[in-house]
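Asks: Take a look at this one; I'll ask things after.
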Amino acid sequence: MKAKLKLYSYWRSSRGHRVRIALSLKGIEYEYIPVNLLKGEQFDPDFMKINPMGTVPALVDGEVVITDSFAIIMYLDEKYPEPPLLPRDLHKRALNHQVASIISSGIQPHQNLADDMKLIITSLLKLLSLGTSRKRKIAWVNNAIRKGYTALEKLLVNCAGKYATGDEIYLADLFLVAQVHGAMIKFKIDVEPYPTLAKCYESYKELSVFEDAVAAKQPDAPALMI
């Protein structure tokens, strides 16, 4: 029998969350291997052999190792093409890529637990003479998330259906639901002020493929979260 795919992840990682949704949506069985970021397990020599960047998620498929969530999702979509994660329509395909890019490069990094991001935030706050208090760091991160949400709302308001780019689940939805859920849990940022995003999020919660992938239901989630 062919070995199951292995997903190295952390329960609260929104990047890992996207990949779990993709696996669930396509009905792919996999082995979940937790990597505790708070304990520094991402820098364990054995894990560094899998991903020298020391980040999650990482997917192992036999001899194939992929360590970026977007690359992992695209790999899964090509290897397991049903259901497709990108529409045939060129405009909608571009919209899906835009949503993924805005979230992965413009919003999600501000939620990253990695030490280098903490250092970047601290350095920026010092340059801005805002101090480095936790309260001010959170305010800075919240502003970045809301700025991204505003951009997404404007991008999707005229093209969204039940989901981000219509009435089918696509790439944009995987990124959006993981981002919104993560921001709500960690920073208490609701999407209510963004009607299009809020409507999509309510639709996501009706589907088991999204609910089963939430952070609290992962094997390494703290018992109180379950």
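Asks: How far is the Cα center of the stretch 193-210 from the Cα center of the stretch 2-45, in Å?
Replies: Between the Cα centre of the stretch 193-210 and that of the stretch 2-45, the gap is 23 Å.
Asks: OK, next. Quick one: plug the Kirkwood hydrodynamic radius of the chain (C-alpha pairs) into Stokes-Einstein at 10 °C, 1.306 mPa s, and report D in µm²/s.
Replies: Reported coefficient: 87 µm²/s.
Asks: What figure in square angstrom, to the nearest 10, would you give for the accessible area of K79 with a 1.4 Å probe?
Replies: 80
Asks: Assigning unit charges at the beta carbon (Lys, Arg +1; Asp, Glu -1) and nothing else, what dipole magnitude in debye, to the nearest 20, does the chain show about its Cα centre?
Replies: With Lys and Arg at +1 and Asp and Glu at -1, about 900 debye.
Asks: Among L5, T196, A139, flag the residue with its Cα farthest along the positive direction of the charge dipole of the chain, charges on Cβ as +1 for Lys/Arg and -1 for Asp/Glu.
Replies: Checking the options against the dipole of the chain, the answer is A139.
Asks: Taking each full run of DSSP H in the chain as one helix, which ones are at least 27 Å long along their axis (Cα atoms) and have mean Kyte-Doolittle hydropathy of at least -1.0?
Replies: Helix filter hits for the chain: 134-156.
Asks: Still on this structure, I have one more. When the accessible area of the chain is split by element with a 1.4 Å probe, what percent falls to carbon and sulfur?
Replies: 56
Asks: In square nanometres and to one decimal, what's the mean projected area of the convex hull around the Cα atoms of the stretch 142-226?
Replies: Computed as one quarter of the Cα hull surface, the answer is 5.7 nm².
Asks: With both partners inside the chain, how many of the DSSP beta bridges are antiparallel, as a percent to the nearest 5?
Replies: 60
Asks: I've got another one for you. To the nearest 10 square angstrom, how much accessible area does R146 have with a 1.4 angstrom probe?
Replies: 100
Asks: Need one value: the accessible area of D167 in square angstrom, 1.4 angstrom probe, rounded to the nearest 10.
Replies: The accessible area of D167 comes to roughly 110 Å².
Asks: Would you mind computing the Rg to Rh ratio of the stretch 1-103 from its alpha-carbon coordinates, Kirkwood style for Rh?
Replies: 0.99
Asks: A follow-up question, please. For S69, S104, write out the residues from largest to smallest accessible area, computed with a 1.4 angstrom probe and no ligands counted.
Replies: S104, S69
Asks: Are there GluC sites (Glu not before Pro) in the stretch 187-226 that DSSP marks as loop and that have at most 16 other Cβ atoms within 10 Å, and which are they?
Replies: E206
The values are calculated or read from the model by the stated rules, or taken from the named source; none is laboratory data. Predicted model, so just to flag it, every value in this text is computed and none were measured. When we count neighbours, we look across all protein chains shown, and the Cβ atoms used for this are built from the backbone with ideal geometry, even at glycine. Just the protein is used for accessible areas: all its heavy atoms, side chains included, with ligands, DNA and RNA removed. Shrake-Rupley method; radii C 1.70, N 1.55, O 1.52, S 1.80 Å.
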